[in-house]
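Participant: The structure's right below; bear with me while I get my questions together.
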Amino acid sequence: MKIGLEMHVALPTKSKLFCSCSTEQVEEPNVNICPICMGFPGSRPVLNAEAVRIAKAIATVLKCEVKDKISFIRKIYFYPDLPKSFQITQLSEAIGSKGSLAITDKDVGIRRIQIEEDPAKIVRQDNYSLIDFNRSGVPLVEIVTEPDIASEDELKEAVSTLRSVLYYIGVDVEQEVKTDLNISLGDERVEIKNVTGVRNLIYAAEYEIKRQGEIVQKGKQPEKETRSFDEQTRTTKSSRKKESEEEYGFIYEPDLTDYETSGLKVGEPIIPHEEAARISSEFGFSYKTVLELISFDRNSLSLLSKSAGKFDQKAVISTLEDLKKFDSTGIGQEGFEKLVRMSADGVTITQSIVSGIKSGREVTVKRATQDEIDAAITELLTKDRTLLEKYKENKNVVNFIVGQISRKYGLQPKDVLDRIKFIIQRMSDN
Amino acid sequence: MEKKEFDALLENCRLSLDESEYERIKADVDEIIKYFDQIDSIGTGDYKEAFHPVEIPGEYRNDDPKKFEDVKGILENTKTHRLFVLGPKI
Amino acid sequence: MKSYIKEFESMDKPSGYYTELVGNLESLNTELNAFNVINKELKDGLPFSVKDNLCVKGVESRASSKILKGYIPPFDATVVSRFKEKGFGFLGKTNMDEFGFGTFGTNSEKMARNPFDPAYTAGGSSSGAAIATSIMKYHAAIAESTGGSISAPAAFCGVVGFTPTYGVISRHGLIDYSNSLDKIGFMSRSSADTRIMFDAARGRDPKDSTSLDAEIKNTKYTKLTVINQLMDGVDKDVSDRFEKLLGKLEQQGFAINRVDLPEISAAIPAYYIISMAEASTNLARYTGFKYGAKVEDFSLSYNDFFKQARTNFGTEAKRRVILGTFVRSASVRSKYYNKALKLRAMLIDRMKRVLADSMLISPTMPVKTPRLDLIEKLTPVQVYSMDVLTASPNLCGFPHISFPYDYADGMPLGVQIVADHFQDHSLMSFTDKWEESFEYKFKHNLGEL
């Protein structure tokens, strides 16, 4: 099985790729438009430096050869959402090529990282179509992988790894990410065009693997074709013929020239699975746990890197896990360490504690004495005898009881848990 | 050029020609391609493609969003429906 | 040095001057078809005309094409706004071959006619710019050349036509024909006026990524070079008169140098291949719903809708879209498109060697002004061959100027001088000198004070 991806990722710039219109996606159609992104005669493109810089960062983190000088081509095809009837894009002149993305068992080759413009948004109606050009000209990077992915699991891992890597350069792979998927179980390549979203990408692959698998099993070959994905039925079907290479008729984009990329500054690349491996081996944490914590969380990576080794690993991890439940943006290293200490001390982290730490206030947690705790437990269990019965049937009920008591009396769950068995025993004995 | 090839070319250009135009243009196209073929006999040695006649240094634009001053003037060229631009059926 | 622009600016205009000018222009225009649009509101400033393929905010701009009927640009071309800033007054949009596709001004709904004799061609594609210059005394014309569209009509209408070095003038606002070849230039009745227009318009424009801030040089060349192969295709009468001109220039102190450059024969096919390849992509956007002529029936499937819109292209436009699409098809791209680009590189290099210490000189057109009824009988290849003398400087982006040097049977003849990149002012200095010993003739002098 051979699977390759062409993923079109929107770059987080303020203005569009070739014009100064805002990239903000607003509800009202045709607000952020100008003669350039509408393809009006007489207008011409002017290249956005930030788009190229982010594309360079992506190419760098995906270990590509990065071109010192880039240029663009015109790819000609006719569709109502394409204002000039050609898309300004890249092929051999692309900013990145020959890179790789490491997943568990292999490196997935990256064939090319190319910069291109997004077409407009088109809404199908019965007897016409409605077009919104707000999206037209938003900068995209198309990430083209080699067909190195050999299973559904590898596909899932490759996609999530890629998303995580992009997250660390500030590129969010949006819900609406568009991907072309090549899958061949036989000799010929089947292309599924324009799958929207990550989840659909997996559904499309699942269906297609099954469909082609059945054909192969009958001793036949799946045909070379272009298919489309139906989100409702989660199936793929043979689709309108797209232009062939012959028909695209690529030419150099003569309204642009060659652009130096060496002056564009990109930060040190952060590769999350490499970071996870480093932290887990340095401090003896579980790789999987660390990776899960940091995949889409810069703050966690930073806190973890700086706190590991200083504290008990369980406290660090559980504090990080707790933090994920709350709005933890703005928690610095100092605040985090306070939380770890509290956590190690048996304090359950709550939103109000997190907010308190964020605001820089001194956060103190009132701890009850053992007598107070014992009294509370005894009181509740005496009031509701059924709890004790239930506990006798199923020991797991203890967590529920602890929760009830903690909430009702404002106690720390750990403190309650420490005493409850003793109290239950004592009550049973009586 | 074979008729089939010419027809595919027309399709790719999104052009439909009426009968009189078809014969005339097809004959012209054949003659002009033959005329172009004279470059086959001229060698170009090590010369690389000149995409422009002079060297043009690439200058980037800063990522500063700016609103186009006459959006209304753009849309007056189009037909709109609920602020969308009307286009053909897909 | 004679400057009509300076003269006009220093003189008092009688009241009603502009009304009378516009009135006279409208009536002469019905015969010559110089203008697609005349601005009746003009009240001030030196009247300037704009080739119809340049955008003027709020004014229909259609490159003489039916497919752009009704296109009202929401912005000015940079060259137009620079002229407005200079205080010039917008007079109108001048007729042209559709999208610039033509040598004789015949590929337009309204055929352009020669002001010396309407039975003859005005040349193209900047036909209207040349006619307007030839019939009005005080006027500045913005024109555009891709493969000879300034030189050809300037020669046939007996005016000065100047095409700058590629990239020196912003193309922002130009309705594209071939982006790597298109150059905005000017027509005028004197070399001095050409310089004024050029200096007002040039300089880098952030709206055109291929525009340059280049130092423009003014070199005093004493040597003029004739490329022998170019003279092979020139009519006898034209070459005889041209030889006489060379004699006269020799007497004025110029050394005449004759060289062989057999590869120059590649210039026309290379020019047409590149220009058609680029044009076919530029014209892909005309699909009948965003601007210009509209297809009414939105329920047509989009491909049929597009095809219907594109029936509005003229025959030559269709021909070039087809050929341009062909030469960039994957299976033949390297044979035509890539090869033509390499030929351009080679020709630039070879011509630069000659241009290092001289300027090129040739007749502008290989024939005397043809009658319109004869042009109809020419095949496309015969028409393309008329660009033999203008194709190479245009393909290679060298600045060139055409000006009248003789009159045959009452019709003007043009000579063309070509200089190295960025030697634009050298061409004007040469022409200044020429004008000291030669007076241009005009049949009409509308707006004379």
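The values are calculated or read from the model by the stated rules, or taken from the named source; none is laboratory data. Everything quoted here is computed from the prediction, not taken from an experiment. Using ideal geometry, Cβ is built from the backbone for each residue, glycine included, and neighbour counts are taken over all protein chains shown. Areas reflect the complete protein model, heavy atoms only, side chains present, ligands, DNA and RNA absent. Shrake-Rupley method; radii C 1.70, N 1.55, O 1.52, S 1.80 Å.
Participant: Using every pair of alpha-carbon atoms in the protein assembly as shown, split the distances into 10 Å bins beginning at 0 and state the percent of pairs per bin, rounded to integers.
Facilitator: Spelled out bin by bin, the protein assembly as shown gives 2, 10, 17, 19, 16, 11, 8, 6, 4, 3, 2, 1, 0, 0 percent.
Participant: Another question, then. By how many degrees, between 0 and 90 and to the nearest 10, does the Cα long axis of helix A:298-307 differ from the longest principal axis of chain A?
Facilitator: 50 degrees
Participant: Going down the table (C:Lys13/C:Lys441; C:Lys137/C:Lys441; A:Lys288/A:Lys314; A:Lys156/A:Lys288), which pairs top 22 Å between alpha carbons?
Facilitator: C:Lys13/C:Lys441
Participant: Which is farthest toward the positive dipole end of the protein assembly as shown among A:Leu11, A:Gly42, A:Asn200, measuring Cα position about the Cα centre, with Cβ charges +1 (Lys, Arg) and -1 (Asp, Glu)?
Facilitator: The one lying farthest along the dipole's positive direction is A:Asn200.
Participant: Okay, next question. Between the DSSP loop rule and a limit of at most 10 other Cβ atoms within 10 Å, which GluC sites (Glu not before Pro) in the range C:235-284 are left?
Facilitator: When the GluC sites (Glu not before Pro) of the range C:235-284 are filtered for loop state and at most 10 Cβ neighbours within 10 Å, nothing remains.
Participant: Just to be sure I understand: with springs between alpha-carbon atoms less than 10 Å apart, which residue in A:Ile103, A:Ile357, A:Ile420 has the highest mean-square fluctuation in the Gaussian network model of chain A?
Facilitator: Most flexible of the set in this elastic network: A:Ile420.
Participant: Count neighbours as other Cβ atoms within 10 Å of each site's Cβ, and list the GluC sites (Glu not before Pro) in the range C:406-449 that are DSSP loop with at most 11 such neighbours.
Facilitator: C:Glu439, C:Glu448
Participant: 7 Å from Cα along Cα→Cβ at both C:Asp409 and A:Lys383: what's the point-to-point distance in nm?
Facilitator: Roughly 11.9 nm, to one decimal.
Participant: So what is the relative contact order of the range A:370-429, in percent, for Cα pairs below 8 Å that sit 6 or more residues apart?
Facilitator: Relative contact order of the range A:370-429: 41 percent.
Participant: Then there's this: Tell me, in nm to one decimal, what length is gained between A:Asp429 and A:Thr348 on full extension, where the rule is 0.36 nm per residue of separation less the Cα-Cα distance?
Facilitator: 26.1 nm
Participant: So which residue, out of A:Lys265, A:Lys75, A:Lys56, gets the largest mean-square fluctuation from a GNM of chain A using Cα contacts under 10 Å as springs?
Facilitator: The residue with the greatest mean-square fluctuation here is A:Lys265.
Participant: Once a ≥ b ≥ c are taken as the square roots of the eigenvalues of the Cα gyration tensor of the range C:47-98, is the result rounded (a/c under 1.5), prolate (a/b larger than b/c) or oblate (a/b not larger than b/c)?
Facilitator: In terms of gyration-tensor shape, prolate.
Participant: Take the Cβ-Cβ distance between A:Arg189 and C:Lys352 as r, set R0 to 60 Å, and report the resulting FRET efficiency rounded to the nearest 0.05.
Facilitator: 0.80
Participant: Compute the angle between helix A:49-61 and the longest alpha-carbon principal axis of chain A, please, reported from 0 to 90 degrees and rounded to the nearest 10.
Facilitator: So the helix axis and the longest Cα principal axis differ by about 70 degrees.
Participant: Can you give the longest run of chain B that contains no GluC sites (Glu not before Pro) sitting in a DSSP loop with at most 10 other Cβ atoms inside 10 Å?
Facilitator: Between the exposed loop sites, the longest stretch runs B:3-68.
Participant: Tell me the Rg and the Dmax, in Å, that the Cα atoms of the range A:273-358 produce.
Facilitator: Rg then Dmax for the range A:273-358, in Å: 11.9, 34.
Participant: Counting only protein heavy atoms and a 1.4 Å probe, tell me what percentage of the protein assembly as shown's accessible area is made up of carbon and sulfur.
Facilitator: 47 percent
Participant: Report the paramagnetic label zone for B:Asp40: residues of the range C:267-284 whose backbone N is under 18 Å from a point 7 Å from Cα along the Cα-to-Cβ axis.
Facilitator: Answer for this model: C:267, C:269-270, C:273.
Participant: Using a Förster distance of 51 angstrom, determine the FRET efficiency expected from the C-beta separation of A:Lys98 and B:Asp7, and round it to 0.05.
Facilitator: According to the calculation, E is roughly 0.80.
Participant: Using only Cα atoms, what is the ratio of the radius of gyration of the range A:370-429 to 2.2 N^0.38 Å?
Facilitator: Working it through for the range A:370-429, the quotient is 0.98.
Participant: Provide, for q = 0.09 Å⁻¹, the log10 of I(q)/I(0) from a solvent-free Debye sum over equal Cα point scatterers in chain C.
Facilitator: Per q value, in the given order, log10 I(q)/I(0) is -0.52.
Participant: Probe radius 1.4 Å, ligands and nucleic acids left out: which of C:Glu376, A:Glu337 has the largest accessible area, and how do the rest follow?
Facilitator: Solvent-accessible surface, decreasing: C:Glu376, A:Glu337.
Participant: With respect to the cross-link table entries A:Lys193/B:Lys67; A:Lys121/A:Lys218; C:Lys342/C:Lys433; A:Lys98/B:Lys48; A:Lys84/C:Lys40, which display a Cα-Cα separation exceeding 30 Å?
Facilitator: Distance filter (> 30 Å) returns A:Lys193/B:Lys67; A:Lys121/A:Lys218; C:Lys342/C:Lys433; A:Lys84/C:Lys40.
Participant: Classify the range C:313-429: rounded, prolate or oblate, from the alpha-carbon gyration tensor (a ≥ b ≥ c, eigenvalue square roots; a/c under 1.5 rounded; otherwise prolate if a/b is larger than b/c)?
Facilitator: It is oblate, given that a/c is not under 1.5 and a/b is not larger than b/c.
Participant: Fully extended, how many nm does the chain gain between A:Asp312 and A:Glu274 (0.36 nm per residue separation, minus their Cα-Cα distance)?
Facilitator: In short, 11.4 nm is gained.
Participant: Hand me the GluC sites (Glu not before Pro) from the range C:1-98 located in a DSSP loop with no more than 10 other Cβ atoms within 10 Å, in residue order please.
Facilitator: Those that pass, being in a loop and sparsely packed, are C:Glu41.
Participant: To the nearest 10 degrees, how steeply does helix B:19-36 sit against the main Cα axis of chain B, on a 0 to 90 scale?
Facilitator: Relative to chain B, helix B:19-36 is tipped by roughly 70 degrees.
Participant: If each of A:Val397 and A:Val216 carries a label point 7 Å out from its Cα toward its Cβ, how far apart are those two points in nm?
Facilitator: 5.4 nm
Participant: Here's another thing I want to ask about it. If I histogram all Cα-Cα distances within the range A:344-402 using bins 10 Å wide from 0, what percent of pairs lands in each bin?
Facilitator: All Cα pairs, binned at 10 Å, distribute as 18, 34, 29, 16, 3 percent.
Participant: Mind checking which aspartates and glutamates have their Cα closer than 15 Å to the Cα of A:Lys63? Skip sequence neighbours fewer than 8 apart in that chain.
Facilitator: Counting by Cα, and skipping residues close in sequence, A:Lys63 has these aspartates and glutamates nearby: A:Asp107, A:Glu146, A:Glu268, A:Glu274.
Participant: Quick check: residue separation of A:Ser305 and A:Lys390 times 0.36 nm, minus the Cα distance between them. What number comes out in nm?
Facilitator: Value of the extension gain: 26.2 nm.
Participant: Further question: Mean-square fluctuation check for chain A, GNM, Cα pairs under 10 Å: which of A:Arg189, A:Arg124, A:Arg234 is largest?
Facilitator: In this elastic network of chain A, the residue with the biggest mean-square fluctuation among A:Arg189, A:Arg124, A:Arg234 is A:Arg124.
Participant: Can you count the Lys pairs in the range A:336-430 whose Cα atoms are under 15 Å apart, with each pair 8 or more apart or on different chains?
Facilitator: For the range A:336-430, qualifying lysine pairs total 7.
Participant: Here's another thing I want to ask about it. For C:Met11 and C:Lys43, what is the calculated FRET efficiency with R₀ set at 22 Å and r taken between the beta-carbons, to the nearest 0.05?
Facilitator: Approximately 0.85, to the nearest 0.05.
Participant: By the gyration tensor of its Cα atoms, with a ≥ b ≥ c the square roots of the eigenvalues, what is the shape of chain A: rounded for a/c under 1.5, prolate for a/b over b/c, or oblate?
Facilitator: Taking the square roots of the gyration eigenvalues as a ≥ b ≥ c, chain A is prolate.
Participant: For the range C:254-394, compute Rh as the Kirkwood radius over C-alpha pairs and then the Stokes-Einstein diffusion coefficient at 25 °C and 0.890 mPa s; write the answer in µm²/s, rounded to an integer.
Facilitator: Estimated via Stokes-Einstein, D reaches 136 µm²/s.
Participant: If you don't mind, there's one more thing I want to ask. Setting aside same-chain residues fewer than 8 positions from C:Lys443, which aspartates and glutamates have a Cα under 12 Å from its Cα?
Facilitator: C:Asp117
Participant: Additional query: For the range A:47-102, go through all pairs of different Cα atoms, get the mean of 1/r, take its inverse, and jot down that Kirkwood value in Å.
Facilitator: 12.6 Å
Participant: Any lysines with Cα under 22 Å of the B:Lys26 Cα? List them, leaving off those in the same chain fewer than 8 positions away.
Facilitator: Within the straight-line cut-off, B:Lys26 pairs with B:Lys3, B:Lys4, B:Lys34, C:Lys307, C:Lys318, C:Lys335, C:Lys377.
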